[in-house]
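Student: Here you go, one structure.
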Amino acid sequence: MSTVTTRLRGRHDRNLWFLIFVGPFVLGLVVFVYIPILWSIWLSFFDAHNTVTPANFVGLGNYVDMLADSAFRSSLITFVVFALFIVPTTFVASLGLALLVNRARFAKTFFRSVFFLPTACSYVVASLIWKLSIFSGVRFGLMNTVLGWFGIEPIAWLSVTQPPWYWLVIVTARMWLQAGFYMILFLAGLQRIAPSLYEAAAIDGATGWKVLRFLTLPQLRATSTAVLLLLLINAFQAFDEFYNLLSSSGQYPPYARPPLVYLYYAALGQGQDFGHGSAGAVILTLLIALVALGQGRFLGLGRRED
Amino acid sequence: MSGARGNGFNRRQFLIGAGGMAAMAVAGCGSNTGRSPDSGSSGSKPALSQWYHQYGEAGTQQAVERYAKEYADATVTVQWSPGDYDKKAASALLTDGGPDVFEYGNGPSIDMVKGGQVVDLTDLLGDAKSDFTPSLIARMTYQGKLYAIPQVTDMQLLVYRKSLLSAAGIQPPTTVDELLAAAKKLTTDKVKGLFVGNDGGVGILGGPALWSAGLDYLKEDNTFGFDDPAAVESLRKLRELFTSKALLLGAPTDWSDPSAFTQGLTAMQFTGLWTLPQIQKAFPDDFGVLPWPKLNSSTGAPSVPVGAYGSAVNAKSKNVDAAKKFIKWLWVDQADKQLDWAQSFGFHIPARKSLAEKAEKLKSGPAADAVKFVNENGHAQTPLLWTPKSGTAYSDALNRIIKNGTDPAGEIKAVKAIVEAELQRVAG
């Protein structure tokens with residue numbers, strides 16, 4: 001064996017094994033993630049109706065069109081508002097759950113599993129349960145039955161926009177699906193806090209809120225930042241439950257329309273308008289990146305913990 | 001109609017979310033195109049792959065596979081596609097792995113035609129051309145060239161319970177106002193008067209609302225068709241219906257399924273022809289059918305939307321000529337198979353007049369009325385030049401008009417601007 005190959009293979013064939021283990025994943029990542037992303041960016045500069053190998057270069061035209069498209073802008077605004085609401089609520093709910101479960105004196109594992117279980121449920125299945133049984137608009141839907149006990153008229157939860165009851169359906173479905181997962185992240189964070197810190201705090205006379213405010217929360221900062229970031233990205237990537245709850249006979253209402261659903265209809269439906277679709281996707285990605293960076297800077301993600 | 005037929009619709013709706021995306025992935029990356037390998041296939045016969053969406057009725061898949069097998073001049077492999085077929089087919093046409101022959105709702109889209117993705121089939125019809133339903137042929141034709149052959153006609157119509165109407169002392173409504181009054185009168189604490197879909201009619205009444213006012217999506221010369229006070233009036237009626245408390249909303253199934261009607265949740269429902277067998281089973285001879293009524297006694301005409309899956313040939317096919325021959329054989333020459341396809345499984349109208357006359361099931365009762373509506377009041381669901389972007393703009397506007405009560409005149413202006421830009425793009 002020549003010395004070059006020996007050198008390339010590294011000590012104990014370390015490089016070879018590295019390639020064997022990492023290679024397939026990198027290849028998959030390149031083929032299924034990076035190439036499509038780059039291709040999509042390339043497409044966003046072309047007039048690409050019903051083709052992915054367009055020839056008609058339009059420069060920034062698609063971007064201008066998308067930014068001028070009031071439906072796309074309103075979907076972005078809706079989702080900034082949605083994120084501003086859902087991120088803190090899920091954050092507080094999952095933190096609360098984690099604190100409660102962490103303090104449970106018995107059946108801790110049971111509670112942990114019960115709250116985590118919804119995470120294993122598919123968004124599509126959950127939306128169907130929400131749509132067809134809990135928030136069904138007819139008088140025998142679960143919520144309407146409950147309202148009926150108090151003599152309140154049935155409400156068509158997903159059909160009416162005044163008041164916008166559909167948000168209640170969407171938000172509760174999302175909370176139920178997501179809170180358990182972030183609870184687990186918080187639990188892991190809580191269990192890393194050294195008991196001696198609590199003991200020290202107790203000796204110093206700190207109890208209740210003070211412990212939470214000055215000990216638990218600061219110790220959870222790394223976890224909190226990660227949870228916030230994940231929540232935010234998830235909010236902007238919202239698709240499944242919205243699509244399954246609100247789309248009907250080939251159309252999606254103009255309210256509560258996430259950017260991804262809008263792009264799905266524009267680019268992938270019968271429209272097959274890949275130019276505008278890609279431009280919209282790039283704008284959305286930039287927006288998410290911008291917010292994530294801003295948040296990271298603000299909260300200090302990746303900064304060295306002391 | 002496009003994508004909606006019989007029981008399969010529910011199953012398909014279930015699959016749309018998950019299946020739609022998966023189908024994209026399959027169509028984009030899969031290697032199994034349903035086409036048997038070119039080499040090694042029997043002798044010199046060309047191999048063709050033919051795509052269908054998943055029809056709901058039992059036996060349909062076996063039927064199309066049987067038809068394909070009986071064709072002697074090529075080895076035809078059928079691919080039956082559950083899930084979001086339109087998106088799957090559209091994206092497969094971009095690749096080399098697409099079908100040779102495929103069906104598409106109301107024929108290929110204008111962008112497929114303009115993009116050269118489908119083949120001109122004008123010369124296949126021959127003498128049979130005059131036998132096909134003219135509105136369907138017109139819908140699948142662009143600039144004098146035919147791009148698909150209609151397989152079977154579907155339509156939507158209003159069904160009502162005769163016994164409930166006569167108990168309330170109401171005549172079948174002939175104008176929108178009468179319909180509104182009837183719906184209100186039929187509403188009790190258990191039963192609602194009318195069901196037009198859980199979105200209050202946004203999905204299916206866009207067309208009927210225009211036709212009933214004597215208008216259309218586009219005018220004859222392909223300019224915007226409903227910048228008109230009658231359209232404003234007609235759309236306002238839909239809002240009135242939505243707020244009347246007589247409309248069933250939030251039902252477990254949507255308009256394309258007869259359950260809301262057969263389970264007694266509503267006295268009238270706008271639904272598809274395909275639901276009639278189930279309705280007949282639930283209420284033997286206790287139901288009647290109507291077209292969507294005209295706006296008022298002086299304006300417009302009754303209307304029903306008519307659509308058809310059309311069989312088209314992929315321009316990227318390696319065997320374009322063999323594919324054209326196969327389509328001609330199946331959808332032009334083999335009349336008995338076309339009749340079988342329309343009649344043996346669900347409830348559809350053959351796309352050819354000579355066959356519609358032969359169809360036994362269509363000779364009496366509500367079905368015979370339905371055939372009459374197609375011939376007298378039928379409108380193609382949407383015009384060929386009504387692009388998906390125009391469709392989205394209109395359904396957004398309908399949503400705001402019907403659900404939020406915004407002013408129809410302003411919304412129509414906004415739709416007009418988008419439609420005109422789209423028409424210009426397509427023409428250019």
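We did not get these values from a lab; they are worked out from the coordinates using the rules stated. Just so it is clear, the model here is predicted, and its values are computed rather than measured. Please note: Cβ atoms are built from the backbone with ideal geometry, for glycine as well, and neighbour counts cover all protein chains shown.
Student: Only helical DSSP H runs with n ≥ 4 go in: add -39500 (n - 2.57) per run for the protein assembly as shown, normalise by residue count and round the 222 nm mean residue ellipticity to 500 deg cm²/dmol.
Tutor: Rounded to the nearest 500, the figure is -15000 deg cm²/dmol.
Student: Short version: ³J(HN,Hα) in whole Hz for each residue of segment B:101-111, in order, from phi by Karplus 6.51 cos²θ - 1.76 cosθ + 1.60 (θ = phi - 60°), x for Gly and Pro, what are they?
Tutor: Values, residue by residue: 10, 8, 9, 8, x, 6, x, x, 6, 4, 6 Hz.
Student: Next up: Take the alpha-carbon positions of chain B, form their convex hull, and give its projected area averaged over all directions (one quarter of the hull surface) in nm².
Tutor: Mean projected area for chain B: 20.0 nm², to one decimal.
Student: Say each of residue B:45 and residue B:372 gets a label point 7 Å from the Cα, pointing the same way as Cα to Cβ; how far apart are those two points in nm?
Tutor: Distance between label points: 4.7 nm.
Student: Roughly how tilted is helix B:176-186, in degrees to the nearest 10 and between 0 and 90, from the longest Cα axis of chain B?
Tutor: Orientation of helix B:176-186: about 70 degrees from the principal axis.
Student: Let me ask something additional. Can you find, among B:151, A:18, A:45, the residue farthest towards the positive end of the dipole of the protein assembly as shown? Put +1 on the C-beta of Lys and Arg, -1 on that of Asp and Glu.
Tutor: A:18
Student: Now, a different point. Counting each pair of different Cα atoms once, what's the Kirkwood radius of segment B:118-203 in Å, rounded to one decimal?
Tutor: Evaluated on segment B:118-203, it is 16.7 Å.
Student: In Å, what Rg and Dmax follow from the Cα atoms of segment B:260-372?
Tutor: That works out to 18.1, 56 Å for Rg and Dmax.
Student: Near the amide H of residue B:118, under 5 Å away, which other amide H atoms are found, from residues 5 or more places off or on another chain, if H is placed in the peptide plane?
Tutor: B:315
Student: Here is a follow-up. Within 10 Å of each residue's Cβ, count the other Cβ atoms and sort B:48, A:290 from fewest upward.
Tutor: Going from sparsest to densest Cβ surroundings: A:290, B:48.
Student: Only Cα pairs within less than 10 Å get springs; with that Gaussian network setup on chain B, which residue of B:260, B:282, B:167 has the largest fluctuation?
Tutor: B:167
Student: Quick check for me: using +1 on Lys/Arg Cβ and -1 on Asp/Glu Cβ, what's the dipole size of chain B about its Cα centre, in debye to the nearest 20?
Tutor: Charge dipole, chain B, about its Cα centre: 560 debye, nearest 20.
Student: What list of ³J(HN,Hα) values in whole Hz, one per residue of segment B:372-383 in order, does the Karplus curve 6.51 cos²θ - 1.76 cosθ + 1.60 (θ = phi - 60°) give from phi, with Gly and Pro shown as x?
Tutor: In residue order, the calculated couplings are 4, 4, 4, 6, 9, 10, x, 10, 4, 2, 9, x Hz.
Student: Right, another one. For chain A, just list the percent of Cα-Cα distances falling in each 10 Å bin from zero outward, please.
Tutor: 5, 19, 24, 24, 17, 9, 2, 0, 0
Student: Let me ask another. Comparing A:230, A:100, A:16, which has the greatest mean-square fluctuation in the GNM of chain A with Cα pairs linked when under 10 Å apart?
Tutor: Maximum fluctuation in the GNM of chain A, among the listed residues, is at A:16.
Student: Still on this structure, please answer the following. I want to verify a result. In a Gaussian network model of chain A, Cα cutoff 10 Å, which of these has the top mean-square fluctuation: A:284, A:197, A:19?
Tutor: Checking each option, the largest mean-square fluctuation is seen for A:19.
Student: Sequence-distant or interchain residues sharing an amide H contact under 5 Å with residue B:76, placed H: which?
Tutor: The answer is B:48.
Student: Enumerate by residue number the chymotrypsin sites (Phe, Trp or Tyr not before Pro) in segment A:87-196 meeting two conditions: DSSP loop (anything except H, G, I, E, B), and at most 15 other Cβ atoms within 10 Å of the site's Cβ.
Tutor: A:106, A:140, A:150
Student: How many nm separate the modelled label positions at residue B:404 and residue A:149, each set 7 Å beyond the Cα in the direction of the Cβ?
Tutor: With each label point 7 Å from Cα toward Cβ, the separation is 3.6 nm.
Student: So, R0 is 41 Å and r is the distance between the beta-carbons of residue B:66 and residue A:42; what FRET efficiency does that work out to, to 0.05?
Tutor: For residue B:66 and residue A:42, the calculated efficiency is 0.35.
Student: Something else now. Would you mind checking B:219/B:413; B:325/B:353; B:337/B:358; B:237/B:416; B:324/B:358 for any pair whose Cα atoms are more than 18 angstrom apart?
Tutor: Where the Cα-Cα span goes over 18 Å, the pairs concerned are B:325/B:353; B:237/B:416; B:324/B:358.
Student: Averaged over B:240-252, how many beta carbons belonging to a partner chain fall within 10 Å of each residue's beta carbon?
Tutor: Average per residue, whole number: 4.
Student: In chain A, which whole DSSP H runs stretch at least 18 Å along their own axis (Cα) and average 0.5 or higher on the Kyte-Doolittle scale?
Tutor: What comes out of the filter, once short or polar helices are dropped, is A:14-29, A:70-103, A:166-192, A:221-236, A:274-299.
Student: Also, quick follow-up: Considering all projection directions equally, how large on average is the shadow of the alpha-carbon convex hull of the protein assembly as shown, in square nanometres?
Tutor: Quarter of the Cα hull surface area: 41.1 nm².
Student: Can you put B:192, B:318 in order, fewest other beta carbons within 10 Å first?
Tutor: Least to most surrounded, the residues fall as B:318, B:192.
Student: Let me ask another. Quick one: Karplus J couplings for segment B:82-95, per residue in order, coefficients 6.51, -1.76, 1.60, θ = phi - 60°, nearest Hz, x for Gly and Pro?
Tutor: x, x, 7, 5, 4, 5, 5, 5, 4, 6, 5, 5, 6, 9
Student: By how many degrees, 0 to 90 and rounded to 10, does the Cα axis of helix B:388-399 deviate from the longest principal axis of chain B?
Tutor: The helix B:388-399 is inclined about 20 degrees to chain B.
Student: Next question, about the same structure. Run the dipole for segment B:319-403 about the Cα centre, Lys and Arg Cβ at +1, Asp and Glu Cβ at -1, nothing else charged, and hand back the magnitude in debye, nearest 20.
Tutor: 200 debye
Student: By counting other Cβ atoms within 10 Å of each Cβ, how are B:69, B:294 ranked from fewest to most?
Tutor: B:69, B:294
Student: Contour minus end-to-end for residue A:286 and residue A:64, with contour as 0.36 nm per residue of separation and end-to-end as the Cα-Cα distance?
Tutor: 78.4 nm
Student: Next question. Given points 7 Å out from each Cα along the Cα-Cβ axis, report the residue A:110 to residue B:167 separation in nanometres with one decimal.
Tutor: 5.0 nm
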